[in-house]
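See structure below.
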């Protein structure tokens, strides 16, 4: 039986930073371990596709690591789609993933997250 993922306080804190944030999740070892979703945001993917999207973010991040020696460590990545913008922030021990409205100001959202004093 699949274990239910608990909603985490830091994810909720990040979700509440900006009304354009739809979803916040924490990925560790290629698995979503905590999350928060805005109650008014309709999920765009079913559970299977959501799991694949979380895994894809992890794979993209691991591929990006091969450039770290020459280009420096990656701070964050953005994927902009018609219906949603996906933000991946690189943490010391995993990833923080967000989905936002497509026209969200990702620079502002990332700056707000970085200014938090919360352990993510």
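Number of residues in the stretch 94-119 that are in contact with a strand residue (DSSP E or B) (Cβ under 6 Å, 6 or more places away or on another chain) and either within 21 Å of residue 55 (Cα to Cα) or assigned to a loop (DSSP other than H, G, I, E, B) (or both) equals 9.
Taken as a whole, the structure leaves residue 79 outside the set of residues that are touching a residue at least 12 places away in the same chain (Cβ under 8 Å) and surrounded by 13 or more Cβ atoms within 10 Å (Cβ to Cβ). When residues in the stretch 6-45 are screened for being assigned to a helix (DSSP H, G or I) and either surrounded by fewer than 20 Cβ atoms within 10 Å (Cβ to Cβ) or free of Cβ contacts under 8 Å to residues at least 12 places away in the same chain (or both), 4 of them pass. What about residue 88, is it within 23 Å of residue 33 (Cα to Cα), touching a helix residue (DSSP H, G or I) at 6+ places or on another chain (Cβ under 7 Å) and outside any helix (DSSP H, G or I)? The answer is yes for residue 88.
Readers should treat all values here as calculations from the given coordinates under stated rules, not as data from a laboratory. These numbers were taken from a predicted model, which means no experiment stands behind them. Here Cβ is always computed from backbone atoms with ideal geometry, including for glycine, and neighbour counts include all displayed protein chains.
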